[in-house]
Amino acid sequence: MADATLDILIGGGGYVGLGAAVAIKDAAPHLTIALVDAAPEGVWMKDQRASAIAAGASRMLDRLQIWDAILPDAQPINDMVVTDSRTSDPVRPVFLTFGGDVEPGEPFAHMVPNKSLVGALRQRAQDLGVEILQGETVEDFTRTGPHVDITLGSGAKRRARLLVAADGVRSGLRDKAGVKTVHFDYGQSGIVTTVAHERPHGGRAEEHFLPAGPFAILPLKDNRSSLVWTERTREAENLLKADELVFETELEQRFGHKLGTIEVVGGRRAYPLGLTLAREFVRPQFALCGDAAHGIHPIAGQGLNLGFRDIAALAETVVEADRLGLEIGSLAVLERYQQWRRFDTFRMGVTSDVLNRLFSNDHAPVRAVRDLGLGLVDRMPGLKSMFIRQASGLPGRDGPRLLRGQPI
């Protein structure tokens, strides 16, 4: 066991696990880090989804020498429009518009293919000397004094000063640690696919609030758009089973004809939607990160960016503790990370929950009130700028330095 002692072992090989490994290793190269990725080799290359990366996250990725590898595939979001209508309405009036820059020449977000993001993170992690245990799992772990003794699925043993759980919203590591969650199932599923269209989108993102849930059109390179289409779970299941003609007819009814002829060019998949918040983010020698700590509705497009904020906060907490000679896995150290992230996560979870409940219905009085509210916001530039600043993920004065593009 002594020969296999690590400073940090991270469970989860997605963008959060990789990002945490890179952020810590970049600032503290002497720390030994291993990452356990349960997925088979190369499976990330098959991911056809795309994600919105806010300005704060892109600044962090630039600081970590990753952004240049992603940039050729990144589509800036230049502006955004919000509508509220029924699926059958012939016209969808625009109630709210947002400009896309947080600073001159800096969009508040980019759309990036997931495989480009994960590929760049994996390459940087390997360049820094992070050990990636592919096709491996964490079978069990126990705390032994200032260490965690870890048994891997292969039977191998590891010991670490800190175990980071970044294994998704259904985190097995969170369950093994005994951390309880608050969970609500919305009875909705998010259908994700990609379409090609005849006319250019101009970098415009659109969010159409429909009775079953939001229908988001997010711009990609090469006259393509990524769709996040919220439907009631049963209807989503029927749509996935439907033949191409039925699926594309339903899709076109929601997408409209403004960009000309559309064609589905990516696979269609659906994911159950709910709200999951961990009651604790840390235990001695143990920390939750990303969706293992919080899973929220995609209505605000902030799920991935909450994970990046976790990365920035955890990396700064661990690296500064190490520089001071403190035990990086002690509860006293990890409490700073929890205090940093808990309120922001709770606030965003509540915000997405309220927005989904407010807009995923067809009650006439509710519709009238929310449309009035959207119209008022559209006429208040100061309030719109505040919303854009929030969506950009840029921190305040006391926020993690990586999100400002500064070194730890």
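We did not get these values from a lab; they are worked out from the coordinates using the rules stated. Bear in mind that the values here come from a model prediction, so they are computed numbers and not experimental data. Note: ideal-geometry Cβ built from the backbone for every residue, glycine included; neighbour counts use all protein chains shown.
Sort Glu41, Glu250, Glu131 so the one with the fewest other Cβ atoms within 10 Å of its own Cβ comes first. Mind showing how you got there, number by number?
Numbers: Glu41 10, Glu250 18, Glu131 14.
By the 10 Å Cβ count, ascending: Glu41, Glu131, Glu250.
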| remark: For the chain, percent of DSSP beta bridges that are antiparallel (nearest 5) comes out at 75
| With a 10 Å Cβ neighbour count serving as the proxy for reagent exposure, in which order, fewest first, do Phe184, Phe255 appear? | Phe184, Phe255
| message | Give me the one-decimal nm value for the distance between modelled label points at Met386 and Phe343, 7 Å along each residue's Cα-to-Cβ direction. | response | 1.6
| Ranked list, fewest to most other Cβ atoms within 10 Å of each Cβ, for Arg309, Arg357 | Arg357, Arg309
| note | About its Cα centre, the chain carries a charge dipole, from +1 on Lys and Arg Cβ atoms and -1 on Asp and Glu Cβ atoms, whose size in debye to the nearest 20 is 780
| said: Using only the Cα atoms of region 253-408, what semi-axes does the equivalent ellipsoid have when each is the square root of 5 times a gyration tensor eigenvalue? Give whole Å, largest first. | reply: 36, 19, 17
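Ile296: net charge of surrounding residues, Cβ under 11 Å, Lys/Arg +1, Asp/Glu -1, itself excluded?
-1
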| note | Cross-link reach from Lys176 to lysines, straight Cα distance under 22 Å and at least 8 residues apart if same chain, gives Lys157
| task | For an R0 of 51 angstrom, estimate the FRET efficiency from the Cβ-Cβ distance between Lys157 and Thr249 and round to the nearest 0.05. | result | 0.35
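Rounded to the nearest 0.05, what FRET efficiency do Ala332 and Glu131 give with R0 = 25 Å and r taken as the Cβ-Cβ distance? Could you check?
Numbers: r = 28 Å, r/R0 = 1.11.
Step by step, r from the Cβ atoms, then E = 0.35.
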| said: Once R0 is set to 35 Å, what does the formula 1/(1 + (r/R0)^6) return for the Cβ-Cβ distance between Asp62 and Arg234, expressed as a FRET efficiency to the nearest 0.05? | reply: 0.20
| Reduced Cα scattering model of region 192-251, Debye log10 I(q)/I(0), q = 0.13 Å⁻¹ | -0.37
| query | If we restrict to alpha carbons, what Rg and Dmax does the chain come to, in Å? | reply | 21.5, 69
| remark: Other residues with Cβ under 10 Å from the Cβ of Gly190 give, with Lys and Arg +1 and Asp and Glu -1, a net charge of 0
| field | Local electrostatic count at Thr261 - Lys and Arg +1, Asp and Glu -1, tallied over other residues with Cβ under 11 Å | value | -3
